[in-house]
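**Q** Pasting in a structure now, in C-alpha cells, and then I'll have a few things to ask.
We did not get these values from a lab; they are worked out from the coordinates using the rules stated. All values reported here derive from a predicted model rather than from experimental measurement. Cβ sites come from the backbone with ideal geometry, for glycine too, and all protein chains shown count toward neighbours.
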C-alpha cells in the first residue's frame, strides 16, 4: 500500500464522515464543521489528482465563500443562544427522489471516464485550464458569466427592490 | 513521501516563525503605541522591556483554560486552531529569497489569498460556540467584514499576474521591474488597507471592539486559547507584511544575494509598523462606513488599477 493510497483513503474517510455528520448531526455547529470537513477534503481530492488550481478555487469559493455565507444566514436567522435551529423537513420522499436521480445522472456521466483511463486523464495544470477556458470554451465561459450577472441583478431586485 | 515530511517541517517552521514574530511584534507594538500616546510602554523586564512578552507568554500558558458552562465544548476548543492553521499555511508560499519559497506552486498567489479565507469559519465558530451575545455579534461582524474585504484584497494582487504572466510568486519576483512601484501604487494602498481589515485590526476592529463588544468573538477565551487567537493576528500581520514586501517592492531584484534578504526583512518590518501605526492613529469605523469603504472605494480602486495595468501590458 503506497503512501498515495493512504492519503486517498484518509481524504475519502474525511469526506464520508463529513457528509454523514452534515446529514445526521442535531446541532447546527456540528453540521457546519461536517460540511467544512467535506468541502476541505474535496479540495484535497483536487490536489491529490494534481489539479492544484481547482483545489485552491474549491477552497476559496466553497470553504471561504459559500460555507461562510451559509453559516452567516443561519446565524442571522436563528439566535445563537437557541443552540439548534429548526431543521425538520416534510419532503423526505421528494428529497430522496431528487438525490437518487442526481446520483444516477452523475454515475452515468462519469462511467466512461472510470472505464477509460485515457479519457480520465484530463487537463489539470493552470495553463492548460486557462488555454481551454479562454480558447475553445470561451463562449461557454462568457455565457456563464452573463448568467451569473443576471442572477446577481435578480437577487438585488428581489431582496432590495422595495420602495422606502 | 518526502513531500509529506517537508509539509510537516515547513508547517512547524511557520508556527515557530509566527511565535517569534508575535513575541517581537507585541513588544514593538506596545513600545510604538506608547510613543504615539506619549508614554514609555513596557520597561521593567529586560532591556527596554524586551522580556515582557516572554513573561506574558509564561503567564498565558499557566493560566486556567476557562470554558463557559453553556458553551459547545468541542467546537469552542478547536475554533482557535481553525483560525490559526490557515494563516500558518499561507506563510509557506511567500518567497523569502530570490528563487526560494518553501512551497513553490504555480497557484501561489491564489493560495495566499484563498487559504486564510478558511479562518473566517474559525472566527464564526468561536463566536457562536461561546453562546454569548457579545461573541455572537463579533462573529457575525467578522464574517461580513472578512468576506467583503477578500474581494479588493484579491483584486489588488491580480496586476502581478498580468505583468508577470504567472501566478507563481517566484516568477513574479524574478520578473519584477522598478517601474512596477509607481504603476502599482493604487494596488498597494488597496492591498495594505484590505489586509488590515482582513486581520480585524484597528481601525477595522469592529468584530473585537473592546469598548463595545468587550473582545467580540474571543470574549470568553482565556489562557493559551486566547494566546492562539493573538498569534493568529500577529501571524496574519507577518504574512501580509512579508508578502507585500516581496511582491510590491522587489527587494531581491534591487539588491543581489544576502543583501536582498536583509532589505526584504527591513521592508517587511516597515510595512508591519505602518499597519500598527494605522491602528493607533485612526478611530474605529462605523459598520456602514466599513462596508461602504470595501464596496464603493477599495473595489473600484482595485478595478481601476487592473484596467491601468491592462492598458500597459500590451506595450511591453
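**Q** Using only Cα atoms, find the angle between the long axis of helix B:2-36 and the longest principal axis of chain B, and express it within 0 to 90 degrees, rounded to the nearest 10.
**A** Around 70 degrees separate the two axes.
**Q** Next up: Where does helix B:299-312 land angle-wise versus the long Cα axis of chain B, in degrees 0 to 90, nearest 10?
**A** The helix B:299-312 is inclined about 20 degrees to chain B.
**Q** Could you work out the per residue convex hull volume over the alpha carbons of segment B:46-155, in cubic angstrom?
**A** Numbers: hull volume 18.4 nm³, N = 110.
Cα-based convex hull of segment B:46-155, divided per residue, equals 167 Å³.
**Q** Give me the Å³ per residue figure for the convex hull around the C-alpha atoms of segment B:2-315.
**A** On the way: hull volume 43.0 nm³, N = 314.
Per residue, the Cα convex hull of segment B:2-315 comes to 137 Å³.
**Q** Sticking with this one: Could you tell me the distance between the Cα centroids of segment A:88-111 and segment B:230-303, to the nearest Å?
**A** One Cα centre to the other: 47 Å.
**Q** Given R₀ = 51 Å, what would the calculated FRET efficiency be for residue B:162 paired with residue A:20, taking r from the Cβ atoms and rounding to 0.05?
**A** Details: r = 44 Å, r/R0 = 0.86.
With R0 = 51 Å, the Cβ-Cβ based efficiency is 0.70.
**Q** By per-residue mean of other Cβ atoms within 10 Å, what is the highest-first order of A:141-149, B:48-56, B:81-89?
**A** Values: A:141-149: 10.6, B:48-56: 16.3, B:81-89: 22.2.
Result, highest mean first: B:81-89, B:48-56, A:141-149.
**Q** If you line up the Cα atoms of segment A:1-87 on their principal axes, what length do they span on each, largest first, in Å?
**A** For segment A:1-87, the Cα spread along each principal axis is 47, 25, 15 Å.
**Q** Over all directions, what mean area does the Cα convex hull of segment B:241-316 project, stated in square nanometres? Present the calculation step by step, with values, prior to reporting the outcome.
**A** Details: hull surface 27.7 nm².
Hull-based average projected area comes out at 6.9 nm².
**Q** How large is the convex hull of the Cα atoms of segment B:108-215 per residue, expressed in Å³ as a whole number?
**A** Working: hull volume 9.4 nm³, N = 108.
Hull volume over Cα atoms, normalised by residue count, gives 87 Å³.
**Q** Given the DSSP H assignment, sum -39500 (n - 2.57) over each helix run of at least 4 residues in chain B and divide by its residue total; what's the result at 222 nm in deg cm²/dmol, nearest 500?
**A** Working: 14 runs with 214 residues, N = 316.
Computed ellipticity for chain B at 222 nm equals -22500 deg cm²/dmol.
**Q** Could you state, as a whole-number percent, how many of the C-alpha pairs of segment B:173-316 are farther apart than 24 Å?
**A** On the way: 4402 of 10296 pairs.
Roughly 43 percent, once rounded to a whole number.
**Q** Another question about this same structure. Counting other C-beta atoms within 10 Å, which of B:31, A:50, B:63 has the fewest, and how do the rest follow?
**A** Details: B:31 18, A:50 11, B:63 14.
Ascending number of Cβ neighbours within 10 Å: A:50, B:63, B:31.
**Q** If you don't mind, another one. List residues of segment B:159-180, by number, whose backbone nitrogen lies under 11 Å from a label position 7 Å along Cα→C-beta of residue A:131.
**A** Nothing falls inside the zone, counting backbone N under 11 Å.
**Q** Let me ask something additional. Against the longest alpha carbon principal axis of chain B, how many degrees, from 0 to 90 and to the nearest 10, is the axis of helix B:52-62 turned?
**A** That helix lies at roughly 50 degrees to the long axis.
**Q** How far apart, in nm, are the 7 Å Cα→Cβ label points at residue A:150 and residue A:97?
**A** Calculated label separation equals 2.7 nm.
**Q** Continuing with this model, one more query. Starting from the exponent 0.38 and prefactor 2.2 Å, build the expected Rg for the protein assembly as shown from its residue count and divide its actual Cα Rg by it.
**A** On the way: Rg = 23.4 Å, N = 480, 2.2 N^0.38 = 23.0 Å.
Computed over Cα atoms of the protein assembly as shown, the ratio equals 1.02.
**Q** Next question, about the same structure. Give me the extension gain from residue B:39 to residue B:51: residue separation times 0.36 nm, minus the current Cα-Cα distance, reported in nm with one decimal.
**A** My answer for the length gained is 2.5 nm.
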